[in-house]
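The values are calculated or read from the model by the stated rules, or taken from the named source; none is laboratory data. None of the values given here were measured: they were computed from a predicted structure. Every residue, glycine among them, receives a Cβ derived from its backbone with ideal geometry; neighbour counts consider all protein chains shown.
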Amino acid sequence: DAKTTQPPSMDCAEGRAANLPCNHSTISGNEYVYWYRQIHSQGPQYIIHGLKNNETNEMASLIITEDRKSSTLILPHATLRDTAVYYCIVRVTGSARQLTFGSGTQLTVLP
Amino acid sequence: NAGVMQNPRHLVRRRGQEARLRCSPMKGHSHVYWYRQLPEEGLKFMVYLQKENIIDESGMPKERFSAEFPKEGPSILRIQQVVRGDSAAYFCASSPPDRRGEKLFFGSGTQLSVL
C-alpha cells in the first residue's frame, strides 16, 4: 500500500468547512483512497473512499487531484462532534486485507 | 442490524492471568480483524481471520497471543499470562465476504487493564 502523509493536527471553527489534506505521491493506478476517523476511545468509523473521481456522501466529500497524488477530505459544516483523529489510507480494493493506519490528523473543532 | 459487538467493554486482569476478548461480527460478515491501540499510540493490526481460518497473523506477538474464529460463535482473542504492557484498547472489525474488505466496520473495543 502506498504511503500517506497528513498534518499531525488542525483546528476548525464550528460551522465552518474542515479541509483535511493527504499526500499520496506514490499511489498506483489500482489503489483507492480511504478515509476513516476515530473519535476519542471509540472504534474507527468509515467515512468515504474513492479512486479518481470526486465523491460525496452524507458525511463528507472527497476531492482527489487529477494526478491522484493528493486528496482532501471536506467536512462541509464541522460540529464539535467531528473532533477526532482522521486517517487517510491508500490501498487496493477487492482484496480482503487489513487496513494499515498511520498517525492521522487530529482535528479539533472549536466552539 | 446490530453492529460489531465486542465484550467485555472493560476487562481488568492481574499479571499472569488470562484475558479473553470476544467479538461478534455484523450479521453476514465472515471476515474479522483485530487491532490493538496502546496508550497514546496508533492502531496496529494484529490478525485477520475468516471462519475457521487464520489468513494473516503478521501483527500478532509471537508468544502468549492467539486468535480464533470458529464456525459457530464469536471470534476470540486470547492473551495468556498477561503483563502490564498488554494494557491497551483492543478493537475488532468485520467485513462482508462479497465486498472483500472494502469497508471495515469496527466495534467499540475492549479496554484491557493489567494490574
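Points to keep in mind about this one:
- Residues being touching a residue at least 24 places away in the same chain (Cβ under 8 Å), assigned to a strand (DSSP E or B) and within 12 Å of another protein chain (Cβ to nearest Cβ) are entirely absent from region B:62-78.
- From B:R13, B:R20, B:R78, B:R36, residue being out of contact with any Lys or Arg (no Cβ under 8 Å at 6 or more places or on another chain) and at pLDDT 95 or above: B:R13
- Residues (assigned to a strand (DSSP E or B) and within 14 Å of chain B (Cβ to nearest Cβ)) located in region A:79-111: A:A84, A:V85, A:Y86, A:Y87, A:C88, A:I89, A:V90, A:R91, A:V92, A:T105, A:Q106
- Among residues of region B:89-115, those that are surrounded by 16 or more Cβ atoms within 10 Å (Cβ to Cβ) and either touching a His at 6+ places or on another chain (Cβ under 7 Å) or more than 23 Å from A:I89 (Cα to Cα) (or both), counted: 8
- Among the strands (runs of 3 or more DSSP E) confined to region A:36-78, the ones with at least 1 residues that are away from every other protein chain (no Cβ under 14 Å) are located at A:61-64, A:70-75.
- Qualifying positions in region B:45-61 - among the charged types (D, E, K, R) and either outside any strand (DSSP E or B) or surrounded by fewer than 15 Cβ atoms within 10 Å (Cβ to Cβ) (or both): B:K51, B:E52, B:E57
- Single condition A:I27 does not satisfy, out of (1) loosely packed, with under 15 Cβ neighbours inside 10 Å; (2) of a type in the set (V, I, T); (3) more than 14 Å from chain B (Cβ to nearest Cβ): (1)
- Residues in region B:79-115 that are assigned to a strand (DSSP E or B), within 28 Å of A:I47 (Cβ to Cβ) and not aliphatic (A, V, I, L, M): B:Y90, B:F91, B:C92, B:S94, B:S95, B:F105, B:F106, B:T110, B:Q111.
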